[in-house]
Amino acid sequence: MLQCKLLPVATRLAEDRAASVRLAVAAQCDRLCSALGEHWCSVIIDLLQALVKDSDERVRAEATLCLPRLVENLVMGAIETQTQYSVSVVEALLPTMLKCVGDQSSSVRAALATASGELLSLFAALSNLEDMEGVTNQELLFELKMNVRHVDDTLIPLLQKLLNDKDPEVTSAALRAVTNASRGSVKPPCMHHEVINGMSGSAGGSPSRKLSHDHSESMLYKKPSVDHQPVFKPVLSEGQVMKLLPTLTDLANSTQWRVRQSAVEIVPALLGCTQRLETRTAIAQLCVTLMGDVVDTVRRTAAECLCLGGGSLGGDGGGEWLREIVIPNLKLCRDSDASKQRMLCLKMVQVLVQNSVCVDTSTSHFSLTGKAAASSKSTSWRKLGPAPNSTTPLREILELAASLSNDKVVNVRLNVGRVLGGVVDELASDDDIKFVIQVLEAQIASEEAREKSDRDVLYFAQSAIVRSWSILEGNRSEPNTPTFSRPKTSITI
């Protein structure tokens, strides 16, 4: 009886003259569906479909964001009650979503991209339902798994269209959706109304929020775990990744530098969905291409994504990525005639060492450095030690940086000392620290022999040596406090 009285109220509010009232109804349609029960579900679906066509773009955007939440609630309700779930619900809502592709408002199209990514994650979770405890209704499982076909038939083509949208804000939203779907920790829906893949977290946010480089870095980049397992379960299949790759390649050539940056930020997430080196090499080409970009921020982002992409891979995937992809491109940057590329090589060395992504190729395991090595029970660089006639990947990376210590460009030379001084705390082997000291002492001797030596080069080299000796003497926690004055020159890589 109460439901019969509340439903007309909700219907009248959905037709209110004030857009803010209709907006509030659109944001709560999923909760209304849960509160009113399955019997009135079809009425709420019709209500939401009408709000998606509202005259106010804010209402349309909010209604679009509510679509995946409504589907999720229906799925959860069916699982909790072990009752049949009508696939026609999704069949009715998907055409409504597809019509939003042509909406004139970029905020609505951006909301559509977010909603598509959330549905993609939900449907991927449904594919794992056979492993779920407590679900015994096989007919229900079959009906739920029928929705998985929408990933290839509808959602990926829809996201491809949105990735090619003329508005960079929509493109960025689509890239975020693919990234979140690719890296989401997929788990089967449980017997409670829990969030799948963090879907509810985006519901209240603005669909047009910009993804800053710092935010994306914290979201995408994760240091490898001690047990060397992937940090997430892949959502997209390798074939689906290959379908998206041409679109992402086109975005890498966009005239908007923020779009190019967003296109490459997705690389670590996509890598976790792949198993074959050939596919990973094709994905890496996105980074390699943009490492030569004219915009410094894009170049740095591409280099960081290339270096940290291996953190998404389990087993020897990270080691293979380092050996076959990262180190060869490090050498290409070092040998480049362009000083910016040689500077980029040093930046990559810094990222690799500071994020503990160096790998011992003889054991095919991640070898942690610095504090990570001290707290880990796995083999550290100190225990491994370089064999007489072999070079560890860490030493090879340090040698690449050392080879630029006598570069003809001052900025490159001074950044050798700056980078080595910045990563020396992460080195767990005394041999590697002594190697850094030898390199820098040789650089100082070479610099002082020049007709016009550069004081900045000498400063950063001497500062790194002081810090290195402090670590060797057991004062790893003490800050670097050189006894000479620092020049006023501000140096950035």
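Remarks
- Near pairs, Cβ below 8 angstrom, 6+ apart or cross-chain, from the stretch 154-166 (more than 20 Å from Leu93 (Cβ to Cβ)) to any residue that is of a type outside the set (Lys, Arg) and surrounded by fewer than 18 Cβ atoms within 10 Å (Cβ to Cβ): Asn164/Asp250
- Test: residue in the stretch 271-293 that is touching an Asp or Glu at 6+ places or on another chain (Cβ under 9 Å), modelled with pLDDT under 90, assigned to a helix (DSSP H, G or I) and of a type in the set (D, E, K, R): yes
- Hey, Arg323 touching a strand residue (DSSP E or B) at 6+ places or on another chain (Cβ under 9 Å), at pLDDT 85 or above, assigned to a helix (DSSP H, G or I) and at negative phi or not: yes
- Screening the stretch 376-440 for helices (runs of 4 or more DSSP H) wholly inside it with 3 or more residues that are closer than 19 Å to Lys347 by Cα and at pLDDT 90 or above returns the ranges 393-402, 410-423.
- Candidates in the stretch 241-255 are the residues that are in a loop (DSSP other than H, G, I, E, B) and surrounded by 15 or more Cβ atoms within 10 Å (Cβ to Cβ); of these, the one that is nearest to the chain's Cα centre (by Cα) is Ala252.
- Complete set of residues in the stretch 16-37 that are surrounded by fewer than 17 Cβ atoms within 10 Å (Cβ to Cβ), among the hydrophobic types (A, V, I, L, M, F, W, C) and at pLDDT 90 or above: Ala18, Ala19, Val21, Ala24
The values are calculated or read from the model by the stated rules, or taken from the named source; none is laboratory data. Small disclaimer: the values here were computed from a predicted structure and weren't measured. Cβ sites come from the backbone with ideal geometry, for glycine too, and all protein chains shown count toward neighbours.
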